[in-house]
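Just below is one structure, and these are the notes that go with it.
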Amino acid sequence: MPKKGPTNSAKKKQPAFAIAILAAGKGTRLKSQHPKVLHEIAGKPLLAHVVAAAMQVVPPQNIFAIIGHGADKVRSALQSTGIGFVLQPEQRGTGHAMMQASEALRAFQHVLVLSGDVPMISSQTIARVRDFHTTNDAAMTILTTEPSDPTGYGRVFRRMAKGKETDEVERIVEQKALRGKESERREINSGIYAFAIGPLYSHIGKLGTDNAHHEYYLTDIAELLRKANKKVLALRANDSAEVLGVNTRVELAQLDAQLRARKARELMLAGTTIFRPDTCDIDADVEIGSDTVIEPFVQLIGKTRIGADCRIRSFSVITNCRLGDNVLVRPGCILEDSIVRNGAQLGPYSHLRPGSDIGEGAHVGNFVETKKTRLGKGSKANHLTYLGDSEIGEGVNVGAGTITCNYDGVNKHETVIEDGAFIGSDSTLVAPVRVGRGAYIGAASCITENVPEDALAIGRGRQVTKEGWAKERRAKIKATAK
Ligand code: UD1
Ligand code: CA
């Protein structure tokens, strides 16, 4: 059989592209003790958004984050992605950052430069810059856009030919250096570029620091390359929202809102109902199945995964949880690092702390707190209960006000309740303790010893009834009052 698709010799060899992400800056305008690129939008550090987009274009071993301010924190936050890191110990500008990376980039033919503080960039746009750059055989390609307010960005000035703008760039002028009519220029530098490695590193040494910040500006390389008769091109972004940078907390909030709106939109188009998406906070990595309904004022955080046909009612906060299909979360539930299986019902006001595993069709009701607890299929704990470090079988009924006394002041102990057991209301189970299959616990018992299968255990003081006592007391009170 003839092989389908192009043969090896017909395949055009892609030149080796690296991606460098500038992420060493302090972010003075955020007024923060923490590294700028670790500030979060949509529940994920700025830099993690950029790395995720980059990893869709090149493998992680071709990606280098240039780090400096808070380098250790940044490195450990992104370590698991498998990307490389280049240290820029002193932050002397974006040009200086690229000088530090020369060693790491030498093995490649081209480099795409991204900014750790331009987090909305998509993999499609990165690939578009790469393709435009290689197709046109440029030395430098600058991704540009015209936002409604260009204040604060460097402006891109193009070469004119016959009264018309060309693709070629004359120079980039930073905001503070704009003179006279130049500040009317609306086309901005996104801080995203492609470079051919050769010309970049043969000219980068000529950058100077004669500017407002006394820094080496990478933007100055455009004019240097052009003067050396190298091709410097500008490519307009299709969507200017993708290249907005974060310099202040105001911009941080704006981009967070935009990303969350984008996320909600994706989910809705894929089959999730979200009635008031503007009131919900759904993190970038959350997954939701079809026909699930998210009511207003819900927060879905971290790596939360929700199945199909669920309903998440208002004011619930769900962090790093896995919910099956047909799960009902009534209002005001707080769920963290837990599993909720198909058809289970929670709330209102249930609190699942880490390590809870709520079985198929199980019910957890109001003011019930669970921690490191497995509640078996069809079991119920509906009211005012604490279940910690416990293993509860199938078809168990846990009465109102039941408490597992799991902590003796030094150690934690386990409570086991086997299938079909019935725990009467207001019982305390002093762990370690085991209630056997099908056993009954009388209401208000304090259980300190194991209860065998099918037994009834009652652990409470006997009731004393004194006939006529109340009537006599009232009579006495009346007599002394006279
Ligand atoms: C930069 C561009 C500007 C562009 C804008 C787009 C320069 C001189 N200016 O300005 O033309 O419109 O981005 O968002 O490049 N960084 C380092 N090491 C340093 C300095 C900065 O790694 O020594 C990193 C920062 O962490 C940041 C990125 O480079 O991620 C951009 O630096 P920033 O200071 O934010 O530059 P802008 O003033 O925004
Ligand atoms: Ca910036």
Revision key, fill the gap. Note: among Y193, Y201, just one is within 14 Å of ligand 1 (Cβ to nearest atom) and either surrounded by 13 or more Cβ atoms within 10 Å (Cβ to Cβ) or in a helix (DSSP H, G or I) (or both), namely Y193
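For the condition more than 22 Å from N211 (Cα to Cα), aliphatic (A, V, I, L, M), away from ligand 2 (no atom under 16 Å from the Cβ) and without any contact (Cβ under 8 Å) to a residue 40 or more places away in the chain, what is the one hit in L105, L78?
Values: L105 fails: without any contact (Cβ under 8 Å) to a residue 40 or more places away in the chain.
Testing whether each residue is more than 22 Å from N211 (Cα to Cα), aliphatic (A, V, I, L, M), away from ligand 2 (no atom under 16 Å from the Cβ) and without any contact (Cβ under 8 Å) to a residue 40 or more places away in the chain leaves just L78.
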Exercise for review: State whether one or more residues within region 125-146 are in contact with a helix residue (DSSP H, G or I) (Cβ under 8 Å, 6 or more places away or on another chain) and either free of Cβ contacts under 8 Å to residues at least 40 places away in the same chain or surrounded by fewer than 17 Cβ atoms within 10 Å (Cβ to Cβ) (or both).
Suggested key: yes
Review point. What number of residues within region 302-350 satisfy the criterion of being buried (at least 20 other Cβ atoms within 10 Å of the Cβ) and either outside any loop (DSSP other than H, G, I, E, B) or among the hydrophobic types (A, V, I, L, M, F, W, C) (or both)?
Key: 15
Check your understanding: Which residue pairs have Cβ atoms closer than 7 Å, lie 6 or more positions apart in sequence or on different chains, and pair a first residue in region 191-210 that is polar (S, T, N, Q) with a second residue that is part of a loop (DSSP other than H, G, I, E, B)?
Key -> T209/E215; T209/Y216
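Check R265, R260 and return the single one that is loosely packed, with under 15 Cβ neighbours inside 10 Å and farther than 27 Å from Q175 by Cα.
On the way: R260 fails: loosely packed, with under 15 Cβ neighbours inside 10 Å.
Only one candidate qualifies: R265.
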Revision key, fill the gap. Within region 83-104, of all residues that are away from ligand 1 (no atom under 14 Å from the Cβ) and more than 30 Å from the chain's Cα centre (by Cα), the one nearest to I126 (Cα to Cα) is S102
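Being touching a residue at least 24 places away in the same chain (Cβ under 8 Å) and either surrounded by fewer than 17 Cβ atoms within 10 Å (Cβ to Cβ) or in contact with a strand residue (DSSP E or B) (Cβ under 7 Å, 6 or more places away or on another chain) (or both) is the filter here, so list the residues in region 20-38 that pass it.
First, pick out the residues of region 20-38 that are touching a residue at least 24 places away in the same chain (Cβ under 8 Å): 20-27, 29-31, 34-38.
Selection gives A20, I21, L22, A23, A24, K26, R29, K31, H34, V37, L38.
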Practice item. Tell me, yes or no, whether region 230-243 has at least one residue that is away from ligand 1 (no atom under 14 Å from the Cβ), under 19 Å from A101 (Cα atoms) and not acidic (D, E). Key: no
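We did not get these values from a lab; they are worked out from the coordinates using the rules stated. Because the structure is a prediction, the values reported are computed rather than measured. All Cβ positions, glycine included, derive from the backbone under ideal geometry; neighbour counts span all protein chains shown.
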